[in-house]
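Scroll down for the structure; my scribbles are underneath it.
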Amino acid sequence: MGCCCGSIFFTRFVALTGLLISIAVIVGPAFIFISGAEFPDLMPLMKDIHKMLESEYEEKEMSQKTLIQIRQLLNSVNDNAWIGALVVMILSGCNIFMDILLLVGACCRVRCLFLPWLIFAILEILFLGVPIVIFCSLLGTYLYVEGFLIGSIVCFAAPSTIVFFYLLIWFSVLCGYWNAHKANFNEVDDVSRSCEDQPLISGEHSQGCSAGTSYNLGQYPQYYPPHSAGGGNGGGGGPSAPPQTTPTEKNNPNLYPTLPA
C-alpha cells in the first residue's frame, strides 16, 4: 500500500513540475512573437559557442575546415530558430493539457486520465528524443574525430541523459497508473469488509429497543379504555379485556315489538 501511495504521489509531482516547466518554456517564444524581437535572442548560448570555437581554433586544436563547417551549422540553426520556437510552443501547449489531465487523474485516482500523458510522452520519446540523440551522437563523433573533445562529450552526454531520465519518469508514471487501479480495488475491498463486519442492528441499539419497547394503547380508546392505577385485576400497565355487560334476556318482551291484532 505504501508503494502505491508513493508512486501516485510521485505522479502528482511529475504532473505539477511538467506543468510549470511547460509554462516557463512557452513564455520565451510567446514574448518574441508579441514583441517582434529576433528569434536568435532565444539562444544566448550561441555567442558563447562561437567564442569557444574561436579559442579552440587559435589554440590549433581545431582545423579551419572544421571551424567553418560548425559555424555554418550554427548559422543554419539561427536562421531556422522561428521553426524551432513554433514547434516548442505547440509541444508545450500539448504538454500543459496532458499534465493537467495527469494531475487530476493522480489526485482523483482516475486511471483513464493517465493514458493521454503516457501516450503523448512515449511518442515524444520515439519521434523527437530518439532522432535528436542520433543526430547529436553523429555530431559528437564528428567533433571527436576533428579533435574537439569537450564539444563531443557534451553532444554525446546531454541529449542521451535527458531522454534517459524522461524514459525513467515515463515508467514511474506507468507504475502510478497500475497502482491507482490497485488502490481503487483496495478501497472497495475495505468498504465491503466494513459493511460485512458491521451488524444490521448494533448491540446497544437492540438492547435499548428491548429495554424500552412499549406500546401506546391510549390511541385506541374504543378498544382499550383507560383504567386507574389500582383498579382491576390486571394492574395498570397492560391491556385489559372489554368491560363485562349483562347479556340481554332471551324472553324480554321489549326485545321484539308485538304485532297488531
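The values are calculated or read from the model by the stated rules, or taken from the named source; none is laboratory data. Because the structure is a prediction, the values reported are computed rather than measured. Note that each Cβ is placed from the backbone with ideal geometry, even for glycine, and that neighbours are counted across all protein chains shown. The protein model used for the area step is the full one, side chains on, heavy atoms only, and it has no ligands, DNA or RNA in it. Shrake-Rupley method; radii C 1.70, N 1.55, O 1.52, S 1.80 Å.
Taking only the alpha carbons of region 64-125, we obtain Rg and Dmax values of 18.6, 60 Å in that order.
So which trypsin sites (Lys or Arg not before Pro) in region 40-143 end up in coil per DSSP with only 15 or fewer other C-beta atoms within 10 Å? Loop-located and lightly packed - 60. The heavy atoms of residue 178 present about 130 square angstrom of accessible area, all protein chains included, probe 1.4 Å. With the alpha-carbon atoms of region 35-85 aligned to their principal axes, the span from lowest to highest coordinate is 41, 16, 12 Å, starting with the largest. For residue 109, nonlocal amide neighbours, meaning residues 5 or more places apart or on other chains whose placed amide H falls under 5 Å from its own, do not occur. Over the C-alpha trace of region 9-65, radius of gyration and Dmax come out as 18.7, 53 angstrom. Hydrodynamic analysis of region 17-122 uses the Kirkwood radius over alpha carbon pairs. Inserted into Stokes-Einstein at 10 °C and 1.306 mPa s, it gives a translational diffusion coefficient of 96 µm²/s. Peptides 7-13, 97-103 ranked from most to least packed by the mean count of surrounding Cβ atoms within 10 Å: 97-103, 7-13.
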